[in-house]
1. Tell me, what HN-Hα J-couplings in whole Hz come from the Karplus equation 6.51 cos²θ - 1.76 cosθ + 1.60 at θ = phi - 60° for each residue of region B:39-46, using x for Gly and Pro?
2. Please enumerate, by chain and number, the lysines with C-alpha under 22 Å from the C-alpha of B:Lys3, excluding those fewer than 8 residues away in the same chain.
3. Per 10 Å bin, what percent of the C-alpha pairs of the protein assembly as shown does each bin hold, from zero upward?
4. To make sure I understand, if each residue's beta carbon is the centre and we count other beta carbons within 10 Å, what order do A:Cys89, A:Cys23 fall in, fewest to most?
5. Going toward the positive end of the dipole of the protein assembly as shown, with +1 on Lys and Arg Cβ and -1 on Asp and Glu Cβ, which of B:Leu76, B:Gln25, A:Asn52 do you reach last?
6. For a distance above 20 Å, tell me the whole-number percent of Cα pairs in chain A that qualify.
Amino acid sequence: SQQGEEDPQALSIQEGENATMNCSYKTSINNLQWYRQNSGRGLVHLILIRSNEREKHSGRLRVTLDTSKKSSSLLITASRAADTASYFCATDARGGSQGNLIFGKGTKLSVKP
Amino acid sequence: DVKVTQSSRYLVKRTGEKVFLECVQDMDHENMFWYRQDPGLGLRLIYFSYDVKMKEKGDIPEGYSVSREKKERFSLILESTSTNQTSMYLCASSPHWTGLGNQPQHFGDGTRLSIL
């Protein structure tokens, strides 16, 4: 059951530019999370935004959430080559099984030095 | 920091073999999960467990079973492997639901399983 869908599927930018990735979902949520996955590794949690929050910051990351549009965006400012990775959004559907997150298919970000 | 350890990074098996994938977490998390990740399909949940000896089917449980005899360990069992089970398998753990939504999951580095 697909909940989150990231857009674009792939993004290529130059170092120093900003990268924006979007996520859309279908049902009401308690929170939305963003994860990062380096090639051949597991996912790493980046940031969690609750359904009653509109914006959250963590270092160079900025996440917004629009529950009326069922969408979220992840902005990485002043990108670095080390930001090259796949980024996933994940949601927990209200009324869904405890602990479960539903992951999107990810955005593959390539930052060229 | 939470550490989730998967027993093997790479594994090559032949069709029909029985395979055990082991996962251990060191943070006393109640929830544990097994996913498989395939290009173009994202992460798909196979099984999860929210307590010792408890298990729940995910989206794609067919061909798999799990075991959770101890809180820190969650095993994925492929009873008789087939080539369509070639994939990256990821284990994750998380604390219990807090009433404010599901908690972040902590992932192992994955096992890349090839079935020949």
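1. The phi angles translate into x, x, 10, x, 8, 10, 7, 8 Hz.
2. The reachable lysines, counting only those whose Cα sits under 22 Å from B:Lys3, are B:Lys53, B:Lys55, B:Lys70, B:Lys71.
3. In whole percents, the pair-distance histogram is 8, 33, 35, 19, 4, 0.
4. So the ranking, lowest neighbour count to highest, is A:Cys23, A:Cys89.
5. B:Leu76
6. 36
Every number here is computed from the coordinates shown, using simple stated rules; none is lab data. Source: prediction; values computed, not measured. We place every Cβ from the backbone using ideal geometry, glycine too, and count neighbours over all the protein chains shown.
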